[in-house]
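Below is one structure; the comments refer to it alone.
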Amino acid sequence: MARRLAPGARLVLASHNPGKLREIEALVTPHGVAVISAAALGLPEPEEPAPDFAGNARIKALAAAVASGLPALADDSGFCVAALGGAPGVVSARWAGPGKDFSVAMERVQREMAAAADRSAWFVSALCLAWPDGHAEVFEGRVDGVCVWPPRGGQGFGYDPMFVPDGETQTYGELSPAFKQATSHRARAFAQLMAACFD
Ligand code: IMP
């Protein structure tokens with residue numbers, strides 16, 4: 001059985017990505033949990049050496065929990081393209097380069113998949129809730145869809161403007177934040193986390 005977060009707990013959000021922070025905060029705060037960001041605590045951004053999302057989420061959450069003495073929640077996520085064998089995947093952030101410019105990352109995806117008939121893609125989010133004593137719980141969510149070109153819409157972040165989720169015609173860049181918040185890979189991982197670990 002999963003370890004549960006104590007009612008009224010303070011939770012560190014172990015991410016330095018403003019788009020992710022916005023989405024995670026909106027998922028967590030309705031549950032009466034007070035959140036504090038890793039950046040506000042001056043915590044460093046750890047390396048992400050694991051070959052999978054769950055492993056990196058665990059590294060980030062445990063680093064923040066141990067450094068802060070509080071439970072910490074981390075997301076490791078990425079954009080996976082079928083025609084690219086699942087790339088960029090765990091290195092999705094790196095494809096944007098040091099300037100974190102996702103128009104560069106999206107152009108690379110489009111360039112590398114341009115000749116492919118299969119435009120399918122998916123987002124994955126692994127959420128890890130970790131405690132200072134080293135205990136950790138990890139949950140994974142996924143949303144499937146297709147890549148479109150050119151990118152469309154100014155909502156969301158990262159690869160959102162080139163991703164149309166299955167059943168929709170608009171990209172996550174065009175769909176409302178509330179829609180993404182209810183249907184995304186992160187929302188799906190969070191629903192499992194909430195059921196297992198939140199009162
Ligand atoms: P990391 O988890 O910090 O390694 O970064 C994950 C990267 O995947 C982000 O910087 C985004 O580029 C991409 N990504 C993850 N989730 C989303 C999403 O919901 N929309 C768009 N891009 C995402």
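So how long is each side of the chain along the principal axes, counting just the alpha-carbon atoms, biggest first, in Å?
Result, largest extent first: 50, 31, 29 Å.
Would you kindly derive the ³J(HN,Hα) couplings of segment 141-147 from the backbone phi angles with the Karplus curve 6.51 cos²θ - 1.76 cosθ + 1.60 (θ = phi - 60°), listing them in order in whole Hz, with x for Gly and Pro?
x, 9, 10, 9, x, 10, 8
With charges only on Cβ, +1 for K and R and -1 for D and E, what is the dipole size of segment 88-199 about its Cα centre, in debye, rounded to 20?
300
Estimate the FRET efficiency between Ala115 and Gln192 by the formula 1/(1 + (r/R0)^6), using the beta-carbon distance for r and 30 Å for R0, to the nearest 0.05.
According to the calculation, E is roughly 0.20.
Between Val35 and Glu168, take the C-beta separation as r, use R0 = 35 Å, and let me know the FRET efficiency to the nearest 0.05.
The computed FRET efficiency comes out at 0.75.
Run the numbers on segment 10-197 and let me know its relative contact order in percent, using alpha-carbon pairs under 8 Å that are six or more apart.
For segment 10-197, the relative contact order is 19 percent.
Rounded to the nearest 0.05, what FRET efficiency do Glu45 and Ala2 have when you use their Cβ-Cβ distance and R0 = 22 Å?
The pair Glu45/Ala2 has a calculated efficiency of 0.25.
Go ahead and set up a Gaussian network model of the chain, Cα springs under 10 Å, then flag whichever of Leu41, Leu11, Leu62 fluctuates most.
Result: Leu41 has the largest fluctuation of those listed.
Taken together, the values in this text are just the output of simple stated rules run on the coordinates, not laboratory data. Please read these numbers as outputs of a predicted model, since none were measured by experiment. Note: ideal-geometry Cβ built from the backbone for every residue, glycine included; neighbour counts use all protein chains shown.
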